[in-house]
Amino acid sequence: MKFLLQGAQRSLLRGFGRRYLATSTEQYAKRNYANNLSEYNTVFTSLTAKRRHYLLRDAYDDMVLDGVQPSRDTFHSLIAGTMKGSRLQDAFYFRDEMKTMGLLPDVVLYNFLISTCGKSKNSDQAIKILDEMKNSGVKPNGQTYICLLNACAAAGRLDPVYAIVRDMTSAGVGLNKFCYAGLIAAHKNKTPIAEDVATKIIELVEQSKGWSSVEASTGENAENVMMNVSEEELYNLPTADYVHKRRGFLRKELTVYHVAFHAFTELKNVQAMEVLVEMLKSEKKDPDVFILLQIMRTIEMRQKSIVLFQESSQENSK
């Protein structure tokens, strides 16, 4: 089989030992899509690139049944793929498999796990991962705390978010643009929505203009770059799906504005968005394509609301 079969079907066939029936070397080569660790690692990378994250575990099971021993790099690729696909249970499965084989997760893998918890809006589990990390003797880095901050922000948990901010500042670590992005997301996601949420978000945008150079020390590390994991993906920003698009689509210096415009689009707050537009103008900055998309979405929603209001008024006047 040259292509990966449906997971359940393939596992069933393997379970009955079909793979081990007497076959010629030529037939075996034709139906097998990978034969060694290097080829399986290529398969995992390909599945992630094609957004077929749901097949990673099936491919891993095939590798184990083939008697191929996974390496640390294999688990890095698998857990990065499950993070991108928001597959939390698969991520934990690969972590447990890794430990069973005597390979302890490092700080990069723990960051991926915390990020996956954030994508699944499971902030409690993210906090447990941090505790496990410390108990295992793995020292958290700047990215770890920003991953945790954004994981709590995704669930709208303001208290843990500000507690993380306090811990960072007390440790002498300044806040960068991704921290402010997390703070904005936390206010946007908090339920019930506060009456002053727009004011809070605008204040955070203003405060972010003085963000520190900590970004240089917590920026993308070489391993993340090699696995094509951007900081936007790691921190679950709304721009994560757009960061690999053509140049000019995103201007990374506008990260905080991206999150703020997206928040006001989700909150359907046209007046607050107009304030952001004026703030950009005052800084003599032009909006990029992502910001323009948020503005267009808001205008479209506003026009639909006006049409619905007019139709409702006409019906009531009859």
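Here, each number is a calculation from the coordinates, and none is a lab measurement. Fair warning: this is a prediction, and the values are worked out from it, not measured in the lab. Quick reminder, even Gly has a Cβ in these numbers, built from the backbone with ideal geometry, and neighbours come from all protein chains shown.
Quick look at the values:
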{"item": "Hits in segment 88-120 - residues which are in a loop (DSSP other than H, G, I, E, B) and either touching a Phe, Trp or Tyr at 6+ places or on another chain (Cβ under 7 Å) or within 18 Å of Gln143 (Cα to Cα) (or both)", "result": "Leu103, Pro105, Asp106"}
{"item": "Conditions (1) in contact (Cβ under 8 Å) with a residue 12 or more places away in the chain; (2) assigned to a helix (DSSP H, G or I); (3) out of contact with any Phe, Trp or Tyr (no Cβ under 7 Å at 6 or more places or on another chain): number failed by Ile164", "result": "(3)"}
{"item": "Matching entry among Ser136, Ser170, Ser123 (being surrounded by 14 or more Cβ atoms within 10 Å (Cβ to Cβ) and either over 18 Å from Leu276 (Cα atoms) or over 17 Å from the mean Cα position of the chain (by Cα) (or both))", "result": "Ser123"}
{"item": "Residue check, Ile184 among the hydrophobic types (A, V, I, L, M, F, W, C) and in contact with a Cys (Cβ under 7 Å, 6 or more places away or on another chain)", "result": "no"}
{"item": "Close pairs (9 angstrom Cβ cut-off, 6 or more residues apart or separate chains): more than 10 Å from Cys152 (Cβ to Cβ) in segment 115-137, of a type in the set (Phe, Trp, Tyr) and part of a helix (DSSP H, G or I) anywhere", "result": "Thr116/Phe92; Gln125/Phe92; Ile129/Tyr110; Leu130/Tyr110; Leu130/Tyr145; Glu132/Tyr110; Met133/Tyr110; Ser136/Tyr110"}
{"item": "Selected residue (criterion: nearest to Cys179 (Cα to Cα)) from residues of segment 235-269 that are among the small types (Gly, Ala, Ser) and assigned to a helix (DSSP H, G or I)", "result": "Ala260"}
